[in-house]
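Below is one structure, written out as structure tokens, with a few remarks after it.
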Amino acid sequence: MSLRQLHHFVTLIEQGSFARAAEALHLSQPALTRSIQTLEGDLGTLVDRAYGKARPTAAGAIVLERARRMLREGRELRRDLQMLQDLEIGEIRIGFGPFASAFLLEPVLAALLARHPTLRIDLETADTRTMLTSLEAERLDAFVGESQSLTRLPHLQIERLPALQTAFFVRSSHPLAKRRAINLAALTPYPVAGPRLPAGVRDFFNRRVAEDQGNIDGTPCELLTVTCDDMHALRTLMLSTDAVVLVPRAMMAGLQADGQAVALPLRPATELRAPYGVVSLAGHSLSPAARAFVTLVHEVLAEHPALRKGARQAH
């Protein structure tokens with residue numbers, strides 16, 4: 001028994017004859033006859049042919065009612081699947097790390113809503129470890145975040161994005177703003193604020209501070225005195241205090257152009273690049289909505305001037 005055979009049976013009863021049903025179905029009459037005979041071979045006699053008109057038997061009446069319901073549900077299923085494919089229905093659960101949320105969240109979210117206004121969106125912003133936990137528990141479909149610390153985890157799929165250029169910034173009137181060369185130890189008299197960093201990055205900064213301070217035994221010194229994953233709060237903190245903040249260059253481009261913010265020139269020269277990617281579970285197919293999300297992330301990155309520059313430097 002197949003939906004196709006049930007469709008043939010319903011059409012036959014509705015048309016009242018094999019000839020008219022075959023014409024409506026664009027089938028030859030022998031092909032329709034074989035289809036009905038195969039269905040009756042599975043379910044018993046369904047069509048009463050005694051009076052020159054195809055009528056349902058008692059068994060046929062039961063099958064007719066169920067068949068109409070099944071065909072209707074099949075049409076609704078195909079419609080819903082098409083709507084899901086077209087993102088007219090469905091849900092997406094996505095996450096953004098601190099750096100990514102500073103400049104990607106708003107344009108990507110706006111584009112998603114503009115293109116797919118009926119899509120349900122569940123959004124999380126958190127550090128990488130928190131989002132990884134949510135992803136592993138399948139509370140997230142995918143997230144955009146720091147990926148260097150995740151590369152050795154085989155159960156993850158990471159679609160790499162252009163490396164994110166970061167820097168330590170101060171307001172233009174800050175005592176360090178006019179310095180032409182600054183080591184990390186020079187930052188320590190001031191509050192130093194940034195997001196939760198991967199252990200390797202945090203240890204690198206702390207060792208460099210110890211070296212710059214001439215710490216003979218190499219005991220690390222904590223560089224960050226303020227930990228905050230809200231990049232906009234860090235930007236406000238920088239503009240209103242003597243805090244030094246570690247943030248993406250992309251989100252500071254406007255303030256630099258206006259002369260309100262200065263990126264500190266570290267010596268020895270240190271390239272501060274954050275490997276970023278779209279992270280999902282390996283072996284799990286992304287839903288149409290999740291695929292649309294990944295596409296929009298790439299589109300926004302391609303249109304962002306500061307990030308295009310960062311992408312070239314990354315190569």
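Rounded, prolate or oblate: pick one for segment 3-85, where a ≥ b ≥ c are the square roots of the eigenvalues of its C-alpha gyration tensor, a/c under 1.5 means rounded, and failing that, prolate if a/b is larger than b/c, else oblate. In terms of gyration-tensor shape, prolate.
To the nearest 500 deg cm²/dmol, what mean residue ellipticity at 222 nm is calculated for the chain from DSSP H runs of n ≥ 4 alone, each contributing -39,500 (n - 2.57), summed and divided by the residues?
Numbers: 12 runs with 145 residues, N = 315.
The helix contribution divided over the chain gives -14500 deg cm²/dmol.
Hey, what angle do you get for helix 105-115 against the long axis of the chain, alpha-carbon based, 0 to 90 degrees rounded to 10? Here the helix axis deviates by roughly 20 degrees. Here the chain is assigned +1 on the Cβ of each Lys and Arg and -1 on the Cβ of each Asp and Glu. Its dipole about the Cα centre then comes out at about 660 debye. Treating only the Cα positions of the chain as identical point scatterers, give the base-10 log of I(q)/I(0) from the Debye formula at each q in 0.10, 0.12, 0.13 Å⁻¹. Those come out to -0.68, -0.85, -0.95, one per q. Amide H contacts of Phe96 (H built 1.01 Å from N, in plane; Pro and chain starts excluded): Glu124, Thr125, Ala126, Val144 sit under 5 Å, all sequence-distant by 5 or more or on other chains. The angle separating the long axis of helix 58-85 from the principal Cα axis of greatest extent in the chain is about 20 degrees. Annotation: amide H of Ala167 within the under-5 Å range of Val247, Arg249, sequence separation 5 or more or interchain, hydrogens built in the peptide plane.
Determine the percent antiparallel among the DSSP beta bridges restricted to the chain, to the nearest 5.
Values: 21 of 35 bridges.
In the chain, DSSP labels about 60 percent of beta bridges as antiparallel.
State the extension gain, in nm to one decimal, for the chain segment bounded by Arg49 and Arg66, taking 0.36 nm per residue of separation less the distance between their alpha-carbons. Working shown, then result.
Values: separation 17, 0.36 × 17 = 6.12 nm, distance 2.10 nm.
Gain on extension, Arg49 to Arg66, equals 4.0 nm.
With Cα atoms as the point set, segment 165-273 shows a radius of gyration and Dmax of 13.2, 43 Å.
Ordered by the count of other Cβ atoms within 10 Å of each Cβ, fewest first, His8, His174, His26, His155 give His26, His155, His174, His8.
Select from Pro98, Pro30, Pro198 the residue whose mean-square fluctuation is largest in a Gaussian network model of the chain (Cα-Cα springs shorter than 10 Å). Among Pro98, Pro30, Pro198, the largest mean-square fluctuation in the Gaussian network model of the chain belongs to Pro30.
Counting only DSSP beta bridges with both residues in segment 141-265, the antiparallel share comes to about 65 percent. Which one of Pro265, Leu237, Asn206 has its Cα pushed farthest toward the positive end of the charge dipole of segment 165-273, where Lys and Arg give +1 and Asp and Glu give -1 at the Cβ? Farthest towards the positive pole: Pro265.
Enter the Cα centre distance for the pair segment 99-118 and segment 1-63, rounded to the nearest angstrom. So the two Cα centres are separated by 53 Å. For the chain, the longest principal axis of the Cα atoms and the long axis of helix 305-314 meet at an angle of about 80 degrees. Per-residue Cβ neighbour counts within 10 Å put Arg208, Arg273, Arg152, Arg160 in the sequence Arg152, Arg160, Arg273, Arg208, beginning with the fewest.
In this Cβ point-charge picture (+1 for Lys and Arg, -1 for Asp and Glu), segment 165-273 has a dipole of about 320 debye about its Cα centre.
Values quoted throughout were computed directly from the atomic coordinates according to the rules given, and no laboratory measurement underlies them. As the structure is a prediction and not an experimental result, all values here were calculated from the model. Reconstructed Cβ throughout: ideal geometry from the backbone, glycine too, with neighbour counts over all protein chains shown.
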